[in-house]
Amino acid sequence: MAGISRPRGTEDLLPEPLARLNRVLAAGLQVAEAHGYRQIETPIFESTDLFVRGVGESTDVVTREMYTFPDRGGRSLTLRPEGTAPVVRAFWESPLRQAPLPVRISYSGPMFRYDRPGKGRYREFHQFGVEVLGESEPEVDAEVIGLAWRWLERLGVSGTSLQLNSLGDRECRPAYRAALLEFFEPRMAALPELDRERLRRNPLRVLDSKELAGEGILDHAPRTIDHLCPGCREAFERVQEALVALGIPFAVNHRLVRGLDYYARTAFEVWHQELAGAQNALFGGGRYDGLSELLGYPPLPGVGFAAGLERVAMISAPPPPLGGPELAVLSAPPAGQKAAVALADRLRAAGMAVLLDAGVRGLRAKLSFAERSGVRLALIVGESEVQERTVAVRRMAGRTQVSVPLEGLEGRLRDLLGNGESAGEGAS
Ligand code: HAM
């Protein structure tokens with residue numbers, strides 16, 4: 001067809017896939033609530049500067065992946081590529097900043113990145129995430145990891161592995177950077193251009209270079225944990241001890257660095273075996289104690305994670321098939337239209353889901369549509385039913401029909417539906 005198609009990398013969320021995402025999200029929100037997190041939503045677009053300063057000028061997200069546009073007032077806006085910088089901004093701009101610290105927040109919604117679309121990788125995708133603001137104790141890092149882990153357990157997801165690293169902080173990272181540069185200096189000429197560029201702009205990113213991964217060089221590269229200052233070392237140990245207390249298995253991964261620049265100390269990702277290659281992260285997160293200052297606000301430690309809902313939904317057990325209404329109300333022309341409209345309204349008010357077909361087309365066509373829609377009982381309202389204050393209840397499975405008085409109809413219908421296949425037998 002020659003119509004206008006949806007933009008590349010976007011999806012129409014049809015009933016089943018959407019129900020799946022919603023189920024995954026609902027489980028996440030419940031687990032977060034049980035840990036004392038409260039849900040907020042931030043705008044889908046923000047000032048471009050929020051991400052340039054927060055996420056980092058030299059990151060792939062900022063240099064290549066943002067949907068940035070001027071609005072009619074000439075301001076530069078960006079469709080949010082992530083939710084952490086917006087949550088920190090929202091904290092400072094709202095009464096949340098007066099709340100007792102730490103503030104525990106959960107959020108979800110669409111995110112946008114101009115990435116190469118592929119399996120589990122979209123230009124519009126959905127995240128669920130949590131952030132704890134105003135707490136620097138490392139046990140809280142383990143709390144957010146634990147929350148995410150319990151969420152996956154509740155969804156019946158297995159085959160995951162938790163990758164953990166410490167990226168150091170302002171105090172120890174400069175020395176680590178210098179050690180990395182010193183290690184790569186004599187090898188510079190042999191490196192692919194992309195990695196030379198990474199070393200110039202953001203040396204830590206070399207550690208997750210796909211280009212170098214196969215070459216073995218990275219196995220000998222200096223490791224962050226050998227360069228941690230005492231504060232970072234103690235924090236990393238405490239995170240690990242708390243994870244052990246929670247019974248959550250993890251692997252310390254010396255090459256784990258994150259694609260966003262705001263992280264300090266703890267960084268983690270949860271990978272799944274079915275999501276191959278560089279796109280295997282179900283979620284990622286870590287501590288970002290310097291982010292608030294990067295955005296021009298007072299210091300505020302923070303830690304959190306975000307998960308791609310599409311990726312989590314992809315590997316979680318499929319939900320039960322979606323059911324539609326079990327009841328249809330059909331008018332039998334030439335009479336019954338008004339009575340059918342009123343009856344459907346009455347049944348819905350009583351909490352029943354009802355398909356209504358009250359037009360003037362023939363009853364046969366209506367019955368056929370109701371059958372194909374999976375309805376179990378069709379309630380037919382024609383001239384005699386209007387006069388007798390009854391309704392003809394037709395059981396679609398056996399094609400048997402009984403007349404039921406309008407008075408007390410709701411109770412009768414509940415009985416009929418509750419009795420499964422034998423419903424209606426013996427009704428008068
Ligand atoms: P991130 O690692 O950039 O972190 O994204 C988190 C998750 O979002 C990924 O693990 C992945 O599941 C999903 N995701 C990212 N890009 C795409 C895409 N193009 N298509 C589908 N899914 C995708 C953050 O966004 C940080 N804000 C996480 C965080 C919260 N750190 C601290 N607090």
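The table that follows gives values for the structure above.
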{"read-out": "0 to 90° range, to nearest 10: angle between helix 230-246 axis and the chain longest Cα axis", "value": "30 degrees"}
{"read-out": "Theoretical FRET efficiency, 1/(1+(r/R0)^6), r = Cβ-Cβ of Glu171 and Glu193, R0 45 Å, to 0.05", "value": "0.90"}
{"read-out": "Likely footprinting exposure, Met66, Met314, fewest C-beta neighbours within 10 Å first", "value": "Met314, Met66"}
{"read-out": "The chain: angle of helix 337-349 to the longest principal axis, Cα-based, in degrees nearest 10", "value": "50 degrees"}
{"read-out": "Gaussian network model of the chain, Cα within-10 Å springs - most flexible of Pro325, Pro203, Pro95", "value": "Pro325"}
{"read-out": "Anisotropy class of segment 327-416 from Cα gyration tensor, a/c 1.5 cut", "value": "rounded"}
{"read-out": "Order of Ser209, Ser106, Ser47 under a 10 Å beta carbon neighbour criterion, fewest first", "value": "Ser47, Ser209, Ser106"}
{"read-out": "Cysteines in the chain that, by Cβ-Cβ distance, have no pairing candidate under 4.7 Å", "value": "Cys232"}
{"read-out": "Among Ala344, Ser331, Ala397 the positive-end extreme of the charge dipole of segment 327-416 (Cβ point charges)", "value": "Ala397"}
{"read-out": "Glu33-Gln401 FRET efficiency (beta carbon distance; Förster radius 56 Å; 0.05 resolution)", "value": "0.70"}
{"read-out": "Charge dipole of the chain about the Cα centre (unit charges at C-beta), most positive-ward option of Ala178, Gly73, Leu291", "value": "Gly73"}
{"read-out": "Residue among Pro222, Met111, Asn165 farthest towards the positive dipole end of the chain, charges placed on Cβ", "value": "Met111"}
{"read-out": "Extension gain from Ser384 to Leu181, taking 0.36 nm per residue of separation minus the Cα-Cα distance", "value": "64.1 nm"}
{"read-out": "Size of electric dipole in the chain: Cβ of Lys, Arg +1 and of Asp, Glu -1, about Cα centre, debye, nearest 20", "value": "1200 debye"}
{"read-out": "Expected-Rg normalisation [2.2 N^0.38 Å, Cα atoms] applied to the chain", "value": "1.31"}
{"read-out": "Gaussian network model of the chain, Cα within-10 Å springs - most flexible of Thr400, Thr78, Thr266", "value": "Thr400"}
{"read-out": "Extension reserve of the Arg201-Tyr114 stretch, reckoned as 0.36 nm per residue once the Cα distance is removed", "value": "29.2 nm"}
{"read-out": "Spacing of the two label points (7 Å from each Cα toward its C-beta) at Ile225 and Ala350, in nm", "value": "6.5 nm"}
{"read-out": "Top of Ser384, Ser94, Ser292 by mean-square fluctuation, Gaussian network on the chain, Cα under 10 Å", "value": "Ser384"}
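Since every read-out is calculated from the coordinates, none of them should be taken as a lab result. This structure is a prediction, so every number in the text was calculated from the model and none was measured. Ideal geometry is used to build each Cβ from the backbone, glycine not excepted, and the neighbour counts take in all protein chains shown.
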